[in-house]
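J.: Here's a structure for you.
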Amino acid sequence: MFCNLCMYFELLKEKRYKSSWDKLQDCIDLAKMVGSYIEIENRLEISKVLHLLSSYETLYPYSVFASSEYIISKSHCSICGQSMLSLSCQHIKGKLYWGEVAVEMIDEIKTFQAVALVSHPEDKRCVIELSDDNRTEVKKFKRIDQFLELNQPFLQDFSIKKIIENRMRDDIKIVGRNDPCSCGTGVKFKKCCGKDLYYKHERNIITPLQTVSMIKL
């Protein structure tokens, strides 16, 4: 988990935000896995790490994901190699056996039934993006880029509050509502540039919280 956490923060430093999303999901999955195998009083800061990673998730622009539904025709247990549906396999999916997690390995998919668009899937790696979005990676991930400019420690937990404000554009010369538009079209200002005089601006308020400590006293 800590190796993946270090790789995630390294991707952020390199401004490889798109690649960092999948690594963030790896970290979240591993934090949940580690926590499930440790008694509550001995978990150190696993729950706080998970909360921190969830806070980082909110900095990304992703809100819609694809979730696939399919019928599996053949699979096997990662430990014994037998089908997890057969009596010959005595392992339970997700349980720990001698330091190894029992995982169902899919060998063959019979049918893809559907792909649903959802907002809170179990796996958030399949994101939905516009194919004609030609913005640079920094512009696509503006919120997390601006957050990193604050130079907060990576293990500094935080809360974020989003405020949408109406702001006036400074590239439009204001004239009377019924006067010819200042852009020279001859159309009344209220029916031309006046319609786009205000725009929605997102302002984020970041509040630093407690730093996550990995030391048990």
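The values are calculated or read from the model by the stated rules, or taken from the named source; none is laboratory data. If you're wondering where the values come from, they're calculated on a predicted model, not measured in any experiment. For neighbour counting, all protein chains shown are included, and Cβ atoms are generated from backbone atoms with ideal geometry for every residue, glycine included. All accessible areas refer to the heavy atoms of the entire protein, side chains included, with ligands and DNA or RNA removed. Shrake-Rupley method; radii C 1.70, N 1.55, O 1.52, S 1.80 Å.
J.: Being under 21 Å from residue 54 (Cα atoms) and open to solvent by 100 Å² or more (accessible area, probe 1.4 Å) is the requirement here; does residue 151 meet it?
T.: yes
J.: Now, a different point. Does the stretch 203-210 contain any residue that is in a loop (DSSP other than H, G, I, E, B) and not hydroxyl-bearing (Ser, Thr, Tyr)?
T.: For the stretch 203-210, residues in a loop (DSSP other than H, G, I, E, B) and not hydroxyl-bearing (Ser, Thr, Tyr): absent.
J.: Please go through the stretch 82-105 and give me each residue that is loosely packed, with under 13 Cβ neighbours inside 10 Å, modelled with pLDDT of 90 or more and not in a loop (DSSP other than H, G, I, E, B), ordered by number.
T.: 105
J.: List the pairs whose first member sits in the stretch 152-169 and is under 11 Å from residue 210 (Cβ atoms) and of a type outside the set (Ser, Thr, Tyr), whose second member is open to solvent by less than 50 Å² (accessible area, probe 1.4 Å) and assigned to a loop (DSSP other than H, G, I, E, B), and whose Cβ atoms are under 7 Å apart, counting only residues at least 6 apart or on separate chains?
T.: Partner pairs satisfying both residue conditions: 155/212; 157/212.
J.: Okay, next question. Could you list, in sequence order, all residues of the stretch 58-70 that are open to solvent by 70 Å² or more (accessible area, probe 1.4 Å) and either assigned to a strand (DSSP E or B) or touching a Gly at 6+ places or on another chain (Cβ under 6 Å) (or both)?
T.: 69, 70 - these are the residues of the stretch 58-70 that are open to solvent by 70 Å² or more (accessible area, probe 1.4 Å) and either assigned to a strand (DSSP E or B) or touching a Gly at 6+ places or on another chain (Cβ under 6 Å) (or both).
J.: If you don't mind, another one. What's the number of the condition residue 157 fails, among (1) touching a Pro at 6+ places or on another chain (Cβ under 9 Å); (2) open to solvent by 50 Å² or more (accessible area, probe 1.4 Å); (3) of a type outside the set (S, T, N, Q)?
T.: (2)
J.: Identify the residue in the stretch 197-217 that is at pLDDT below 80 and open to solvent by less than 60 Å² (accessible area, probe 1.4 Å) and, among all such residues, is farthest from residue 31 (Cα to Cα).
T.: 201
J.: Still on this structure, please answer the following. Of all the residues that make up the stretch 165-196, how many are part of a loop (DSSP other than H, G, I, E, B), surrounded by 11 or more Cβ atoms within 10 Å (Cβ to Cβ) and in contact with a Lys or Arg (Cβ under 6 Å, 6 or more places away or on another chain)?
T.: Residues meeting the conditions: 1.
J.: When the residues of the stretch 38-57 are filtered to those that are of a type in the set (Val, Ile, Thr) and in a helix (DSSP H, G or I), which remaining residue is farthest from residue 21 (Cα to Cα)?
T.: 40
J.: Would you pick out the residues in the stretch 113-140 that are more than 24 Å from residue 26 (Cα to Cα) and surrounded by 11 or more Cβ atoms within 10 Å (Cβ to Cβ)?
T.: none
J.: Across the stretch 47-57, what is the number of residues that are open to solvent by 20 Å² or more (accessible area, probe 1.4 Å) and at pLDDT below 90?
T.: Here the count works out to 4.
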